[in-house]
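The values are calculated or read from the model by the stated rules, or taken from the named source; none is laboratory data. In this text, all values refer to a predicted model and were calculated from it rather than measured experimentally. Note: ideal-geometry Cβ built from the backbone for every residue, glycine included; neighbour counts use all protein chains shown.
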Amino acid sequence: MLTIWGRLNSHNVKKVIWLAEELELAYERHDVGGAFGMDAAYLARNPNALIPTIEDDGFTLWESNAILRYLAGCHGGEALYPTDPKARASADRWMDWNFTWADAIRPIFFQLIRTAPDQRDAALLERSVARAASLSSILEDVLDRQRWLSGAAFGIGDIPVATYANTWFQLPVERPARPKLERWYAALQERKTFRDVVMIPLS
């Protein structure tokens, strides 16, 4: 059985759990990180002291996007992770671009969700909201030309960006109108796996 270590309110853990649910994989999950800490056994599996980590048939792997590629490659087939080099690279592009998107949204998340109001950095918050809003125009542009970031159908390229898009849409900030991005986000919400795993309260 697949084993996943990581707390559910982590964006990177959400990505892995979401894909496991999409693939209908049997798995066992253990709370690690944040308030749950990390014991020596976990650190032996992942010396970076980060989450998530998985073990599958004796194979241990960390780095969330590497885990997504591994699970999709083993269990997802062409539907989620195409073997055609150009189609695969297009999906990979959005998985890697998500680090840029996440870097813009993460300070907003920490300021509004995990920082007391009297300790918030208003200037940082303003810069981050502006940066995230600007980056959302890149998503708007591509989603004007194709239905999913992965192409014509939902795939692995959508998953990392969607986890942070959900946070972007849940955060109480002013956002520019992005009708194509909003259409994509609405389509994501039609997936029970997305609703159950990703759209949990921010914490």
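From the list 73, 34, the lone residue that is surrounded by fewer than 21 Cβ atoms within 10 Å (Cβ to Cβ), over 22 Å from residue 1 (Cα atoms) and of a type in the set (Gly, Ala, Ser) is 34.
Restricted to strands (runs of 3 or more DSSP E) entirely inside segment 7-65, those with at least 1 residues that are without any contact (Cβ under 8 Å) to a residue 40 or more places away in the chain are 27-30, 59-62. Kindly indicate whether any position in segment 106-116 is within 15 Å of the chain's Cα centre (by Cα) and crowded, with 17+ Cβ neighbours inside 10 Å. Checking segment 106-116: at least one residue is within 15 Å of the chain's Cα centre (by Cα) and crowded, with 17+ Cβ neighbours inside 10 Å.
Is segment 77-96 home to any residue that is in contact with a Phe, Trp or Tyr (Cβ under 6 Å, 6 or more places away or on another chain), without any contact (Cβ under 8 Å) to a residue 60 or more places away in the chain and over 30 Å from residue 128 (Cα atoms)? Within segment 77-96, not a single residue is in contact with a Phe, Trp or Tyr (Cβ under 6 Å, 6 or more places away or on another chain), without any contact (Cβ under 8 Å) to a residue 60 or more places away in the chain and over 30 Å from residue 128 (Cα atoms). Among the residues of segment 150-180, those identified as farther than 18 Å from residue 64 by Cα and either among the aromatic types (Phe, Trp, Tyr) or within 16 Å of the chain's Cα centre (by Cα) (or both) are 154, 168, 169, 170, 171.
Cβ-Cβ distances below 9 Å connect the following pairs, each with a first residue in segment 173-189 that is modelled with pLDDT of 95 or more, a second residue that is surrounded by 15 or more Cβ atoms within 10 Å (Cβ to Cβ) and of a type in the set (Val, Ile, Thr), and a separation of six or more residues or different chains: 173/108; 173/129; 174/129; 175/129; 180/142; 188/198.
Among the residues that make up segment 190-199, is at least one of them of a type outside the set (Gly, Ala, Ser), more than 24 Å from residue 52 (Cα to Cα), under 14 Å from the mean Cα position of the chain (by Cα) and assigned by TED's automatic domain parsing to the domain that holds residue 106? Checking segment 190-199: not a single residue is of a type outside the set (Gly, Ala, Ser), more than 24 Å from residue 52 (Cα to Cα), under 14 Å from the mean Cα position of the chain (by Cα) and assigned by TED's automatic domain parsing to the domain that holds residue 106. Of 60, 100, 83, all but one fail to be at pLDDT below 95, among the β-branched types (Val, Ile, Thr) and surrounded by fewer than 19 Cβ atoms within 10 Å (Cβ to Cβ); the exception is 83. Out of segment 54-91, which residues are β-branched (Val, Ile, Thr) and within 15 Å of the chain's Cα centre (by Cα)? Result: 67, single match.
The listed residues are 183, 195, 178, and the only one of them that is more than 16 Å from residue 91 (Cα to Cα), among the charged types (D, E, K, R) and surrounded by 15 or more Cβ atoms within 10 Å (Cβ to Cβ) turns out to be 178.
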